[in-house]
Amino acid sequence: MNHDASLSAPPRRTRRIMLLGLALLALASVLFAVRRPLLMAAPACMAGQWRGCFGTFNGVVLVTLATLPLAALVVWALARRRRAAGVASAWRMSLAEVGMVHGTVPFLWMTMMPGAGAGIVPGRVSLVPLRDLLTMGTLGIAGNLLVFASLGFFAPMRYAALASVPRVLALGAGCSVLVETAQYVLRLDRVSSVDDVLVNATGAALAALASRRWWRTTTEAPSEQPRLEPVPAG
């Protein structure tokens, strides 16, 4: 009997329970902090007024939180399918894939919301570093840090090629440049700022550091292919 494996199982289970508890506590804290904006958007969503759900920041946040159970169900279904196929690290891979999508798409949607002068006001560009940072405010900086935070947190867990802070930083910067370029080309009445790129990339890198212990490295990267049992000789 492998006594080391039997002794390590309870601590792992305890850590998982603690992480789940911390995640639920963090979610409850977020819900408490944003309860008033969510309650403002809830009536419009309940009445089927989709402009109030998908056309406002409060509505998008509400929809994102409301679809968390669906995201968890997708993670469970993907992990179960992979485990049945014998794929290693099925839960980590499934959580990373769903987390990247569910945590990034809503922020991208909000950054692409048109302003009042969309299509009329010409595109504006701010290329002087740190000039706009002073006018963002605490809420603006926090929001920009979160735009690609989920991508930075989960991408290294899913892809071994991204298991590096500089690579995640470059990924966040590249994605942010695409967003800022789209805002300018589509004339969404937004300022395409280099400071947005800097803060977006920083948020992705900080999130990657937070998930570093779960990164999928090249030395222990799980295979997408099912594990084959050895064929006995003779």
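Any read-out appearing in this document is the output of simple, stated calculations on the displayed coordinates, not a laboratory observation. It should be emphasised that the depicted structure is a prediction, and the values quoted were computed from it without experimental measurement.
In whole percent, what relative contact order does the stretch 92-225 give with Cα contacts below 8 Å and a gap of six or more residues? It comes to 37 percent, rounded to a whole number. Close amide H partners of S126, meaning residues 5 or more places away or on another chain with modelled amide H under 5 Å apart, are S192, S193, V194. For D189, the residues 5 or more places off, or on other chains, whose built amide H falls under 5 Å of its own are G115, G119. Size check on the stretch 92-225: the Cα extents along the three principal axes, sorted descending, read 52, 27, 21 Å.
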